[in-house]
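All remarks here apply to the structure that follows.
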Amino acid sequence: MFLSLKSIELSGFKSFGKKTELVFTSPIAAIVGPNGSGKSNVAEGFRFVLGEQSMKSMRSKKGEDLIWGGSPGLPRGNRGGVKVTFDNSPDRSGKRLLDIDFNEVVVERIVYRDGQNEYLLNGTQVRLKDVIRLLAGANIGGSGYQIISQGEADRILNASPRERREMVEDALGLKLYQHKKAESERKLEETGVNIEKTKSLRREIAPHLNFLRNQVEKIEKGREMKEELAAKLSEYLARENAWISQEDARLLDDARAHEQEMKQLTVRLQEASGKRGESGASRAKDLQNTLRSLEAKLSDIRKRREEIARELGRAEGALEATNVTVEAIVPVPHVRQFVREVDEALSDAERAGDISTLQRVIGDVRSRIRAFVEGLSGTAPATNEEVRKDVERLSATLKTVEQEEARIATDLDMARAGIAESREQSFAAERESVELQSKMREIRTQLDASHTARSQLASLRQRFEEEVREGVALVGAEIRNWHDAAIPHGALSEDRNMQEKRRREIERLKIKIEESGMGNGDAVVKEFSQTRERDEFLSRELADLEASAGSLKDIIAELEKTIDMRFHDGLKHINEALKNFFAKLFGGGHAKLFVEEPRRAREVRRGAGLDEDEDEEDFEEEQELYAGLSIDVSLPRKKIRGLEVLSGGERALTSIALIFSMTQVNPPPFLILDETDAALDEANSKRYADMIQELGGKSQLIVITHNRATMSAAGELYGVTMGQDGVSKLLSVKLEEAERVAK
Ligand code: ATP
């Protein structure tokens with residue numbers, strides 16, 4: 001048969017002060033020896049090396065008690081160690097006892113005086129839980145039903161239904177599932193904590209994330225507006241620049257043309273002023289002088305002509321008188337002539353402004369009057385011939401004078417015409433000057449207007465530059481691209497209002513952007529994307545956690561199902577075996593394990609009268625339901641039922657039957673029974689030995705016994721003795737010697 005336990009080595013452990021090794025070669029090994037020789041220490045060595053944490057179950061108070069305490073012959077040790085060697089070679093199906101790729105596995109535990117423990121797996125230090133997990137996989141360890149310590153045979157009967165159930169589960173190999181379930185539950189709990197943590201992290205982030213999202217939305221909007229602004233501004237600036245340049249050129253041309261015209265007008269005005277000025281005036285003066293002298297000449301010549309005419313009249317009168325009798329009658333024409341002359345002379349006098357002229361006229365008038373009177377008185381007449389000659393001479397002179405007078409009159413007319421003409425010319429020049437001046441005023445106005453327009457244009461240019469600067473600040477340097485842009489269609493001919501409309505639109509957009517209050521916002525966008533990534537990460541994590549919680553729950557449910565199924569199935573088999581063993585041991589009767597109604601831990605305790613004054617809070621924590629295992633026993637030929645009424649031997653037999661039944665479904669690799677047979681009488685010892693033999697077919701057995709029947713069932717016997725030095729010693733013995741050794 002396959003032996004999973006190859007050997008155990010105790011060194012410095014309890015009474016084994018010296019290194020001692022037990023090598024197992026038979027399915028049933030019996031350890032025999034006198035009381036106090038150290039047999040139970042071997043069983044405890046097994047407990048120890050398999051990871052037992054209860055000091056009590058190793059009859060100690062502290063780790064130090066497990067170390068060889070020393071004796072006069074052998075000083076105490078510093079460390080106590082036990083090493084157990086498993087055969088881990090694969091079976092026919094390739095399965096190994098322990099889930100580790102070694103054909104031989106050595107588990108070692110060492111305890112030091114300071115209570116520190118060390119676990120080694122094939123010489124490599126490992127953790128306790130690694131050992132426990134490895135052994136649990138092979139159905140070793142746990143509730144400890146495999147190692148029945150001395151006096152503990154009825155432990156399973158004394159145990160609470162809950163502990164009993166644990167032992168049965170352990171025996172059924174459900175410990176591994178229980179471990180897995182506990183592990184999953186722990187993970188589920190951890191996952192739950194992490195889910196809560198993650199949720200609370202997300203809750204913490206949420207307001208900030210929302211705030212940032214709002215900010216980023218504003219920034220995006222701001223960016224869109226900026227893009228819109230950039231487009232509008234580009235067009236506007238391109239148009240504005242084109243228009244301003246064109247206007248500037250046009251106004252410059254206009255100004256030049258006006259200035260040119262102004263120059264020409266100035267020259268013309270100078271010319272006109274010249275005409276109207278000094279030369280015109282001196283000519284007019286000359287003409288006036290000429291006029292005045294001609295008038296004087298004409299007046300003189302008229303006087304002369306009149307004198308001559310008078311003389312002629314007188315001469316003609318004389319001539320008539322000579323022809324006719326001189327009469328005192330004065331001819332009428334003569335008188336008229338005289339009156340006219342006097343009248344004219346007086347008129348001249350009237351006109352004259354000065355005394356001398358008046359005096360001269362008065363003198364003249366006086367001489368005329370004298371002459372007229374003399375004529376009347378009849379001066380001595382001249383001869384007829386002389387008179388005729390006088391008349392002819394005077395007539396001829398008169399004619400000449402008259403001609404002279406006519407010539408002068410013509411000259412005078414001409415002079416007058418000249419003056420009129422000169423005046424006319426002066427008027428024309430005056431008119432022209434006036435016209436030119438008004439034209440110049442007009443042009444000056446135009447020039448002023450174009451200067452004003454140019455200075456307005458300059459301030460427009462300034463505004464334009466300002467707008468460019470502002471645009472660069474708001475939108476970026478690329479806004480300067482306007483100067484590369486083609487002049488937009490119709491930019492130079494459209495209504496200026498259109499551009500003004502664009503400008504207002506841009507201003508409105510700028511205000512909106514300013515109101516949005518967002519600067520560049522890169523930092524906010526970055527923070528938002530980081531925070532969002534974090535939130536998304538947390539959300540994914542949450543989903544992962546929830547998924548893993550879900551699958552853990554599934555696993556737990558599955559495990560529970562498996563445990564439940566295997567438990568009930570195993571329990572059925574255990575009960576079948578129990579029925580058989582019990583009947584064999586008691587020659588009838590029956591025993592049965594049954595599942596109690598699920599109960600709350602608290603109720604059970606109350607029922608047992610324990611922990612009465614426990615806190616209510618603890619009660620809350622103990623709401624968990626469990627269904628323990630109870631035993632129903634009925635002995636043959638006895639009416640009374642129940643564990644309480646059994647004798648010591650009957651309790652031992654019932655326990656043995658129970659323990660053996662439990663090993664049937666999922667036989668453990670080995671069982672260690674420390675004087676489980678102590679209370680049996682001879683007949684029962686025989687039955688016990690039979691059962692041991694039967695059991696040995698499935699599990700390796702190490703039995704510590706004083707019982708001969710049990711010894712005879714063993715394939716090999718070890719004797720433990722203790723000498724004067726207090727050190728347990730080991731010797732291999734034959735059955736014949738065994739009884740002697742055991743005494
Ligand atoms: P019985 O047949 O009466 O059950 P046993 O063979 O099982 O006896 P054990 O109980 O294994 O005997 O051994 C007890 C002996 O081991 C005692 O003599 C005790 O002094 C000794 N012992 C226990 N711990 C130590 C220790 N730390 N150092 C030295 N000896 C120890």
Original post:
Roughly how many debye, to the nearest 20, is the charge dipole of the chain about its Cα centre, given +1 on each Lys and Arg Cβ, -1 on each Asp and Glu Cβ, and no other charges?
Top reply: 2620
Subject >> Spin-label model distance (nm) - residue 400 vs residue 533, 7 Å beyond Cα toward Cβ >> reply: 13.9
Original post:
Which of the aspartates and glutamates could a cross-linker span from residue 19 if the Cα-Cα distance has to be under 17 Å and same-chain partners fewer than 8 positions apart are dropped?
Top reply: 9, 44, 108, 725
Subject >> Relative contact order for the chain, counting Cα pairs under 8 Å that sit 6 or more residues apart, in percent >> reply: 26
Original post:
Tally Lys and Arg at +1 and Asp and Glu at -1 over the other residues with C-beta under 12 Å from the C-beta of residue 686: what net charge comes out?
Top reply: -1
**OP:** Report the dimensions of region 22-65 along its three principal axes from the alpha-carbon atoms, largest first, rounded to Å.
**Re:** 33, 24, 14
**OP:** Assign unit charges at the C-beta atoms only (+1 for Lys and Arg, -1 for Asp and Glu), then state the dipole size of region 1-80 relative to its Cα centre in Debye, rounded to the nearest 20.
**Re:** 180
Original post:
What relative contact order, as a whole-number percentage, does region 1-62 give when Cα pairs under 8 Å and 6 or more residues apart are counted?
Top reply: 25
Original post:
Farthest toward the dipole's positive end in region 112-221, which of 128, 157, 188, given Cβ charges of +1 (Lys, Arg) and -1 (Asp, Glu) about the Cα centre?
Top reply: 188
**OP:** Output the DSSP H helices from the chain with an along-axis C-alpha extent of no less than 20 Å and a mean Kyte-Doolittle hydropathy no less than 0.5.
**Re:** 648-665
Original post:
Label residue 64 and residue 204 with points 7 Å out from Cα along Cα→Cβ: what is the distance between them in nm?
Top reply: 4.8
Original post:
Taking amide hydrogens as modeled 1.01 Å from N in the peptide plane, which residues meet the under 5 Å criterion relative to residue 28, leaving out close sequence neighbours?
Top reply: 701, 715, 716
Original post:
For the pair residue 477 and residue 252, how long in nm is the line joining their label points, each one 7 Å along Cα→Cβ?
Top reply: 2.9
Original post:
One-quarter of the Cα convex hull surface for region 63-133, in nm²?
Top reply: 5.9
**OP:** Based on a Kirkwood Rh over C-alpha pairs, give the Stokes-Einstein translational diffusion coefficient of the chain at 37 °C and viscosity 0.692 mPa s in µm²/s.
**Re:** 78
Original post:
With the Cα gyration tensor of region 105-149 giving a ≥ b ≥ c as the square roots of its eigenvalues, does the rule (a/c under 1.5 for rounded; else a/b larger than b/c for prolate; else oblate) give rounded, prolate or oblate?
Top reply: oblate
Original post:
Can you give the charge dipole size of region 678-729 about its Cα centre, rounded to the nearest 20 debye, using +1 on the beta carbon of Lys and Arg and -1 on the beta carbon of Asp and Glu?
Top reply: 60
**OP:** Mind checking which of 446, 414, 433 is farthest towards the positive end of region 412-458's charge dipole, using Cβ charges of +1 (Lys, Arg) and -1 (Asp, Glu) about the Cα centre?
**Re:** 446
**OP:** Over 22 Å between C-alpha atoms is what I'm after, so list which of 180/592; 572/698; 39/734; 584/698; 698/729 land there.
**Re:** 180/592; 698/729
Subject >> Karplus 3J(HN,Hα) series, Hz, for region 5-19 with 6.51 cos²θ - 1.76 cosθ + 1.60 (x for Gly, Pro) >> reply: 8, 8, 6, 9, 10, 10, 9, x, 9, 6, 7, 8, x, 10, 4
Subject >> Set of lysines near residue 389 by C-alpha distance (under 20 Å), chain-local residues within fewer than 8 positions excluded >> reply: 399
**OP:** In whole Hz, with x marking every Gly and Pro, tabulate ³J(HN,Hα) for region 708-716 from phi via Karplus 6.51 cos²θ - 1.76 cosθ + 1.60, θ = phi - 60°.
**Re:** 5, 4, 5, 3, 5, 7, 7, x, 8
Subject >> Set of lysines near residue 187 by C-alpha distance (under 18 Å), chain-local residues within fewer than 8 positions excluded >> reply: 129, 175, 197, 199, 553
Original post:
Can you pull the Kirkwood radius for region 130-266, inverse mean 1/r over Cα pairs, to one decimal in Å?
Top reply: 24.6
Subject >> Local electrostatic count, residue 27, Cβ distance below 12 Å [Lys/Arg +1, Asp/Glu -1] >> reply: -1
Subject >> Relative contact order, percent, region 105-233 [alpha-carbon distance under 8 Å, six or more residues apart] >> reply: 13
Original post:
Residues of region 3-40 with amide nitrogen under 20 Å from the 7 Å Cα-to-Cβ point of residue 100?
Top reply: 3-11, 22-24
Original post:
Ordered by packing density, taken as the mean number of other Cβ atoms within 10 Å over each peptide's residues, highest first, how do 253-259, 228-234 rank?
Top reply: 228-234, 253-259
Original post:
Using modelled amide H (1.01 Å from N, peptide plane; none on Pro or chain starts), what sits under 5 Å from the amide H of residue 147, excluding residues fewer than 5 places away?
Top reply: 672
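The numbers here are math on the coordinates, done by the rules we state, and not lab data. Bear in mind the structure is a predicted one, so any value in this text is a computation, not a measurement. Cβ: placed from backbone, ideal geometry, glycine included. Neighbour counts: every protein chain shown.
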